[in-house]
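See below for the structure under consideration.
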Amino acid sequence: MKYKSFIIVLLSYLLLNGCGKKTEPDQQTIIPVQTSPVKYKSVAFPIHSSGILSCKREARLAFKTGGIIQKIKVDEGQSVKKGQLLAELDLSEINARFIQAKTALDKAQRDFDRVKNLYNDQVATLEQFQDVESGLVVAKSNLKIAQFNLDHSTITAPEDGKILKRFMEPNEMVSAGTPVLYFGTTKDDWIVRVGLADKDIIKVNLNDSVSISFDAYPDNVFSGTVSEIAEAADPMSGTFEAEIKIEKTNKKLVSGFIAKVMIYPQKSQNLKTVPIESLVDAQNNEGYLWIPVDNHAEKRRITLGDKIENDIIVTNGLYNITHVITSGAQYLNERSTIKVINNP
């Protein structure tokens, strides 16, 4: 009803000007307008980013020693239990080295016992005793190394988890430390790691709420929270990494899904807003509006932000401005004389 009343008043002014007595050359048409106050709203903008879904703890499992792979007992996607045998090398050479080290230790122990008795009887010299003592220490160390290599010539599951990828096949030659299996634990929740710009990382705090979506589930939105925030930028990308922990879900998730995330910071900003109807000639992030100055209208260029319901954020151009013209703005020009008619 308020808007209809204003239209009636405006039409009356225009009819009187067009159909009534002719206006004198120096007389200007007075255009009735309505104004709205510039408002401040507390706003927390969501931060958009993307990342890759992964397990909290993932590891590339490898043999400590090189050799020929004898068996790989698991396939990609297979669930495994802690301690389960996953792969093993051909142990022929490694067993031989272990037996060699054990035999050398037995001999070193016998030599030590014999020379020790001779030394106690003052038959052997101190130098001879020290030599066999050193030989015994070296033999024990060699056996420990051989035992360690033997133990790490098999790969076992470090935790309950899942085989995410299989890099090698049986009968392939593998070097020490070369990844054979890619393992992810299932004890921890799924996470998404995203890179944020410096202007965004300062707005994010631990436990901020997050919504996550995947192309695999276009109709589902998953919930999560910010669980970790990097204190330094990645030297390669220049972004700051944030880790998002996804809440438990019964949906099947697969490591490597591309995730689109929206982080909702707890901190808000107090920003200026104006009604959308006050804008004229808006394009991209810039626009114009009219402001009342005494009995005239002044056109002002402004920088626009996001839309909030029926208002729009103004990030620049409204310094010391308290009101803007809404209704009647389309009839104004730089020479217009205005009269503010606001409904009570």
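The values are calculated or read from the model by the stated rules, or taken from the named source; none is laboratory data. Here the structure is a predicted model, which is why all the values come from computation and not from measurement. Note that we place each Cβ from the backbone using ideal geometry, even for glycine, and neighbour counts take in every protein chain shown. Just so you know, the surface numbers come from the protein's heavy atoms only, side chains and all, with ligands and any DNA or RNA stripped out. Shrake-Rupley method; radii C 1.70, N 1.55, O 1.52, S 1.80 Å.
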Residues of the range 222-262 being within 19 Å of A44 (Cα to Cα), in contact with a Ser or Thr (Cβ under 7 Å, 6 or more places away or on another chain) and open to solvent by less than 40 Å² (accessible area, probe 1.4 Å), which ones? I244, V261
Just to be sure I understand the filter: pairs with C-beta atoms under 7 Å, separated by 6 or more residues or on different chains, first member in the range 231-249 and over 22 Å from I212 (Cα atoms), second member open to solvent by 40 Å² or more (accessible area, probe 1.4 Å) and of a type in the set (S, T, N, Q). Which pairs pass? A233/T239
So for the range 218-241 (the condition being at pLDDT 90 or above, of a type in the set (G, A, S) and closer than 27 Å to A96 by Cβ), does at least one residue qualify? no
List, please: which pairs have Cβ atoms under 9 Å, are six or more places apart or on different chains, and start with a residue in the range 167-178 that is at positive phi and end with one that is of a type in the set (V, I, T) and open to solvent by less than 50 Å² (accessible area, probe 1.4 Å)? N171/I69
If you check every pair at least six apart or on different chains, which have Cβ atoms under 7 Å apart with a residue in the range 60-78 that is free of Cβ contacts under 8 Å to residues at least 24 places away in the same chain first and a residue that is of a type outside the set (K, R) second? K73/L85; K73/L86; K73/A87
Tell me which residues, restricted to the range 209-218, are open to solvent by less than 80 Å² (accessible area, probe 1.4 Å) and either outside any loop (DSSP other than H, G, I, E, B) or in contact with a helix residue (DSSP H, G or I) (Cβ under 6 Å, 6 or more places away or on another chain) (or both). S209, V210, S211, I212, S213, F214, Y217
When you look at Y288, is it aromatic (F, W, Y), open to solvent by 20 Å² or more (accessible area, probe 1.4 Å) and more than 21 Å from N270 (Cα to Cα), yes or no? yes
Kindly establish whether V221 is among the aliphatic types (A, V, I, L, M), out of contact with any helix residue (DSSP H, G or I) (no Cβ under 9 Å at 6 or more places or on another chain) and under 22 Å from K71 (Cα atoms). no
Are there any strands (runs of 3 or more DSSP E) wholly within the range 26-107 with 1 or more residues that are open to solvent by 80 Å² or more (accessible area, probe 1.4 Å) and small (G, A, S), and if so which? 39-43
Can you run down the residue pairs with Cβ atoms below 7 Å, 6 or more apart or on separate chains, where the first is in the range 121-137 and surrounded by 15 or more Cβ atoms within 10 Å (Cβ to Cβ) and the partner is of a type in the set (K, R)? F129/K116
Where in the range 126-208 are there strands (runs of 3 or more DSSP E), lying fully within it, with 2 or more residues that are closer than 22 Å to G256 by Cα and touching a strand residue (DSSP E or B) at 6+ places or on another chain (Cβ under 8 Å)? 161-166, 179-185, 190-196
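What do you reckon, is I94 modelled with pLDDT of 90 or more and within 30 Å of V132 (Cα to Cα)?
No: the conditions fail for I94.
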Answer residue from the range 291-343, given it is polar (S, T, N, Q) and more than 20 Å from I31 (Cβ to Cβ) and is least open to solvent (accessible area, probe 1.4 Å) among those: T303
